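Report on the structure given below.
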Amino acid sequence: EIALDNARQTGVVGRYHPISGDALEADFGGPYDLILAANLAHHFDEPSNVKLFQKARAALKSSGRLALIEWVSPSSDAFALTVLATSARGAIYTLKEYSKMLRTAGFRNVRRLDTGDFGRWIITAVR
């Protein structure tokens with residue numbers, strides 16, 4: 001609901017399409033110019049992330065982009081322990097690990113933007 005309120009406030013609600021359900025099972029629809037996955041990938045192991053990224057890639061237009069907002073190691077040790085304690089298969093990945101998963105899923109031009117926010121980065125990749 002917060003994201004939907006933010007979309008309304010910024011005037012992009014007509015272009016905002018949240019998808020509920022299990023990210024590994026839900027139909028993503030598409031094609032989209034951009035898929036934003038915020039604070040999601042660290043909950044999954046590497047094979048599950050590759051599957052997730054492949055699904056996202058299939059839902060993008062030919063020049064579409066995937067943007068991940070994620071914690072990237074080295075990050076807060078306390079947060080890494082929280083992920084380990086609350087997720088059966090999650091992890092705090094390095095940029096190299098995210099790059100490898102994205103490239104395995106077929107993405108190219110993997111880039112990162114450092115937000116300066118306690119290890120949280122935006123990672124983008126082109127279909």
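Some points to look at:
- Karplus-derived 3J(HN,Hα), 6.51/-1.76/1.60, for each residue of segment 36-47, Hz, glycine and proline x: 10, 10, 9, 6, 10, 4, 5, 7, 10, 6, 4, x
- Long-range amide H partners of Leu60 with built H, under 5 Å: Tyr32
- Considering all C-alpha pairs of segment 22-72, those separated by over 15 Å amount to 42%.
- In the context of the full set of protein chains, residues of segment 1-57 present 66 Å² of accessible surface per residue (probe radius 1.4 Å, heavy atoms only).
- Each Lys and Arg adds +1 at its Cβ and each Asp and Glu adds -1 at its Cβ; summed about the Cα centre, segment 1-81 shows a dipole of about 440 debye.
- Near the amide H of Tyr93, within less than 5 Å, lie the amide hydrogens of Ser73, all on another chain or at least 5 residues away, with H placed in the peptide plane.
- If the segment from Arg8 to Lys51 were pulled out straight at 0.36 nm per residue, it would be longer than the present Cα-Cα gap by 12.4 nm.
The values are calculated or read from the model by the stated rules, or taken from the named source; none is laboratory data. Not measured: the values here are computed from a predicted model. Reconstructed Cβ throughout: ideal geometry from the backbone, glycine too, with neighbour counts over all protein chains shown. For accessibility, only protein heavy atoms count, side chains too; no ligands or nucleic acids. Shrake-Rupley method; radii C 1.70, N 1.55, O 1.52, S 1.80 Å.
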